[in-house]
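Below is one structure, written out as C-alpha cells, with a few remarks after it.
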Amino acid sequence: MLDKAMLTVALCCAGAIAGYLFGSRMKKRAQYFTDIDDFLRGFIGSLDCSLDTVPKIMASHPVSSELLKDHLAACRSGIGKGSPPVLVQGYLTKAEYETVRDTLTGLGGLSSEGERKNAENKRRKLEEYGKRAMEKYTKLGKPSVKLGFLAGLLISVLCW
C-alpha cells in the first residue's frame, strides 16, 4: 500500500513539474513579445528626438526577457564588427524567429523616415505573434500545473 501511495505522490509531483516547465516556457514567449514591442516603440520614439546610435539604443533599453537580451547583445556585437549577427532561435517558432531576425538585423540601415515605417510594420507583425503567445499562455500556460498534476494522478491510478 505504501508503494502505491509513493508512486502516486511521485507521479503527481512529476506531472506538476512538467506542467510548470510547460507553462513557464509559454510565459517566457509572451514576455519576449511584450519586451520586443516595448523596444521597438522606444526605438521609433528615439528616431524623433535622439541622435543615439542603434547599438547605444539597444544597450540602454531595459529588457526582462533573457532571449531578447541575448538578441540585442548579438546585434550590438554584429554592428560593432560589421558582420551579420548570429541570433539563437530559443523558444521562438521558425516564422517568429525569421521575423525577429529580419527586424533586429535591419535596424539602422535606412533613413529616419524609412526606419520608422519599417520598424512600425515589423512591430505590427510581431504584435500579432505576441497576441497569439499571450492567448496560448492564458489558455494553456496558467492551468498547466493543475493539468500536469491531474495527468500524474491519472497515470498513477492506471498503474494500480
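Any idea which residue in the stretch 117-160 is farthest from the chain's Cα centre (by Cα), counting only those that are in a helix (DSSP H, G or I) and among the aromatic types (Phe, Trp, Tyr)?
Of everything passing the filter in the stretch 117-160, Phe149 is farthest from the chain's Cα centre (by Cα).
Anything in the stretch 118-147 that is of a type outside the set (Lys, Arg), within 30 Å of Leu11 (Cα to Cα) and surrounded by fewer than 16 Cβ atoms within 10 Å (Cβ to Cβ)? List them, or say none. Before the answer, list the steps.
Start the filter on the stretch 118-147 by keeping residues that are of a type outside the set (Lys, Arg), which leaves 118-121, 126-130, 133-135, 137-138, 140-141, 143-145, 147.
Checking the rest, the ones that are also within 30 Å of Leu11 (Cα to Cα) come to 133-135, 137-138, 140-141, 143-145, 147.
Within the stretch 118-147, Glu135, Thr138, Leu140, Pro143 meet the criteria.
For Ile17, indicate whether it is in contact (Cβ under 8 Å) with a residue 12 or more places away in the chain, surrounded by fewer than 17 Cβ atoms within 10 Å (Cβ to Cβ) and within 20 Å of Lys136 (Cα to Cα).
Here the answer is yes, as Ile17 does meet what is asked.
Sort out which residues of the stretch 63-117 are crowded, with 18+ Cβ neighbours inside 10 Å and among the basic types (Lys, Arg), and write them in order of number.
Arg76, Arg101
Mind listing just one residue for me: the one in the stretch 127-147 that is of a type in the set (Gly, Ala, Ser) and touching a Gly at 6+ places or on another chain (Cβ under 7 Å) and, of those, modelled with the lowest pLDDT? Let's see the steps before the verdict.
Initially, the stretch 127-147 is screened for residues of a type in the set (Gly, Ala, Ser), giving 130, 133, 141, 144.
Filter once more, keeping what is touching a Gly at 6+ places or on another chain (Cβ under 7 Å): 141, 144.
Values: Gly141: 79, Ser144: 86.
The qualifying residue modelled with the lowest pLDDT is Gly141.
Within the stretch 1-91, which helices (runs of 4 or more DSSP H) (wholly inside it) include 1 or more residues that are modelled with pLDDT of 90 or more and either more than 22 Å from the chain's Cα centre (by Cα) or acidic (Asp, Glu) (or both)?
Values: elements: 2-49, 54-60, 66-81.
Of the helices (runs of 4 or more DSSP H) lying wholly inside the stretch 1-91, those with at least 1 residues that are modelled with pLDDT of 90 or more and either more than 22 Å from the chain's Cα centre (by Cα) or acidic (Asp, Glu) (or both) span 2-49.
Would you check which residues across the stretch 148-157 are at pLDDT 85 or above and surrounded by fewer than 19 Cβ atoms within 10 Å (Cβ to Cβ) and list them?
Leu150, Ala151, Leu154, Ile155
Is at least one residue of the stretch 94-115 modelled with pLDDT of 90 or more, charged (D, E, K, R) and farther than 18 Å from Ser65 by Cα?
yes
The values are calculated or read from the model by the stated rules, or taken from the named source; none is laboratory data. Because the structure is predicted, anything quoted here is derived from the model rather than measured. So basically every Cβ, Gly included, is an ideal-geometry build from the backbone, and we count neighbours across all protein chains shown.
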